[in-house]
């Protein structure tokens, strides 16, 4: 399909440049109800997107469309003509596409060592091994093992392909008492480690039992707040966007180069690097959607913004070297030990409806569906509360764990402890 589309593009007049992005995905999928395997499915799909560029009036317009397997040559030509017309009335500032690079890449994953159906079965066994909480069960389990062949080719000599692997587990841990309580778990990974899968699901099985038993605290809690990796990923994501070339060019950034984002810091200072690949992260890649080779860049060092990052287009607008659209973030670990964390009462957010971060209004907070109050001896499950505070105060007093973990696009401290956050 891709070669057919490219041949048509090459023979279409009135186009300045073109780009074709293709993702072929092979999947093996298992669907369980309780522990009964109900459905086994394999798929092989290809997604093709075409971008047409038209230079006009010292400007560059672009338009993108999808190509489906049912399209014949005439339909493809028709879609190209539509895109060409759209591009001819879009007046972006001109920029050049990446050029003259070709290569084939393979992501670092041990998935390649397994047949997909064998790997899917091993993952399911690990999940059910964790199903050992009395009164609890995995009500539903879905396993997806994917192999993605990602490619980009353009009119300027870009021709790159990467083979990538990933898996997703979707589980519904349930605890049955006088009422039934469920949690939803989505777990994405690119390296299979039996023990890590067991640990992940076992944690959710304990949490669903704790969610059943959790109650609102009788008295208002006043203690430091601990955020785990999922919330730290959300926190960091709000800062990386402000240092992207596009945000700076469009003047939508809340801070810029040289700014201190941790004024009057008394805790651990943030050092953050945007990366193309992190072991275990499903966002890892060798190149971005334009075909730009990804280059790691440290953007925050000791709490100060030191560099920008981003793709080809906005990098040119700012006369910067492009890093490509980097998908992973690495936050350096801090000084907080496990012993220090447990030296005084704290409140740990285990499950939130979503961490809310507003840099402009200096706010951090959110609803906590399940949390744990550590009273100096043990963690007590609590629910029905929220956290709220000034973002600047939280960052200034933040301590980062000296243990690291990987979660989605994030690699860094397993947790952070924040002072000055109100628990309501």
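The values are calculated or read from the model by the stated rules, or taken from the named source; none is laboratory data. This one's a predicted model, so the numbers in the text were calculated from it and none came from an experiment. Reconstructed Cβ throughout: ideal geometry from the backbone, glycine too, with neighbour counts over all protein chains shown.
A quick yes/no check of all residues on (1) touching a strand residue (DSSP E or B) at 6+ places or on another chain (Cβ under 6 Å); (2) crowded, with 18+ Cβ neighbours inside 10 Å; (3) modelled with pLDDT under 95; (4) farther than 17 Å from residue 78 by Cα:
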position	(1), (2), (3), (4)
13	no, no, yes, no
20	yes, yes, no, no
26	yes, no, no, yes
32	yes, yes, no, yes
35	no, no, yes, yes
39	yes, no, no, yes
49	yes, no, no, no
57	no, no, yes, yes
- Can you confirm whether segment 135-142 contains a residue that is surrounded by fewer than 21 Cβ atoms within 10 Å (Cβ to Cβ), modelled with pLDDT of 95 or more, closer than 30 Å to residue 48 by Cα and not assigned by TED's automatic domain parsing to the domain that holds residue 328? yes
- Out of curiosity, is residue 334 in a loop (DSSP other than H, G, I, E, B), assigned by TED's automatic domain parsing to the domain that holds residue 283 and either in contact with a helix residue (DSSP H, G or I) (Cβ under 7 Å, 6 or more places away or on another chain) or closer than 30 Å to residue 242 by Cα (or both)? yes
- Given 278, 282, 295, which one is assigned to a loop (DSSP other than H, G, I, E, B), closer than 30 Å to residue 167 by Cα and out of contact with any strand residue (DSSP E or B) (no Cβ under 7 Å at 6 or more places or on another chain)? 295
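Somewhere in segment 257-265, is a residue surrounded by fewer than 18 Cβ atoms within 10 Å (Cβ to Cβ), in contact with a helix residue (DSSP H, G or I) (Cβ under 6 Å, 6 or more places away or on another chain) and part of a loop (DSSP other than H, G, I, E, B)?
Going through segment 257-265, the residues surrounded by fewer than 18 Cβ atoms within 10 Å (Cβ to Cβ) turn out to be 257-260, 263-265.
Still in the list and also in contact with a helix residue (DSSP H, G or I) (Cβ under 6 Å, 6 or more places away or on another chain): 264-265.
From what is left, the residues that are part of a loop (DSSP other than H, G, I, E, B) are 264-265.
Yes.
Per-residue answers, yes or no, for (1) farther than 21 Å from residue 214 by Cβ; (2) assigned by TED's automatic domain parsing to the domain that holds residue 289; (3) touching a helix residue (DSSP H, G or I) at 6+ places or on another chain (Cβ under 8 Å):
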site	(1), (2), (3)
346	no, yes, no
359	yes, yes, yes
363	yes, yes, yes
402	yes, yes, no
414	yes, yes, yes
- May I ask you to list the residues in segment 180-194 that are without any contact (Cβ under 8 Å) to a residue 24 or more places away in the chain and either under 20 Å from the mean Cα position of the chain (by Cα) or farther than 17 Å from residue 133 by Cβ (or both)? 184, 185, 186, 187, 193
- Query: Is it true that residue 114 is within 29 Å of the chain's Cα centre (by Cα), without any contact (Cβ under 8 Å) to a residue 24 or more places away in the chain and more than 23 Å from residue 312 (Cβ to Cβ)?
  - Reply: no
- Message: Which residue is surrounded by the most Cβ atoms within 10 Å (Cβ to Cβ), if the candidates are limited to segment 266-275 and must be in contact (Cβ under 8 Å) with a residue 40 or more places away in the chain and in contact with a strand residue (DSSP E or B) (Cβ under 9 Å, 6 or more places away or on another chain)?
- Response: 274
- Message: Can you find, within segment 69-80, the residue that is nearest to residue 154 (Cα to Cα) among those that are within 35 Å of the chain's Cα centre (by Cα) and modelled with pLDDT of 95 or more?
- Response: 80
- Item | Boolean, residue 191 is closer than 24 Å to residue 414 by Cα and in a loop (DSSP other than H, G, I, E, B) | yes
- Message: Pairs needed: first member in segment 3-28, within 20 Å of residue 292 (Cβ to Cβ); second member anywhere, assigned to a helix (DSSP H, G or I); C-beta distance under 7 Å; at least 6 residues apart or different chains.
- Response: 18/9; 20/2; 20/5; 20/6; 22/2
- Query: Tell me, which strands (runs of 3 or more DSSP E) lie completely within segment 341-424 with 3 or more residues that are touching a strand residue (DSSP E or B) at 6+ places or on another chain (Cβ under 7 Å), at pLDDT 95 or above and within 15 Å of residue 267 (Cβ to Cβ)?
  - Reply: 415-418
- Taking segment 220-254 and the residues there that are touching a helix residue (DSSP H, G or I) at 6+ places or on another chain (Cβ under 6 Å) and assigned to a loop (DSSP other than H, G, I, E, B), the one that is surrounded by the most Cβ atoms within 10 Å (Cβ to Cβ) would be 253
- Message: Every residue in segment 93-124 that is touching a helix residue (DSSP H, G or I) at 6+ places or on another chain (Cβ under 8 Å) and at pLDDT 95 or above, please.
- Response: 93, 95, 96, 97, 98, 111, 114, 119, 122, 123
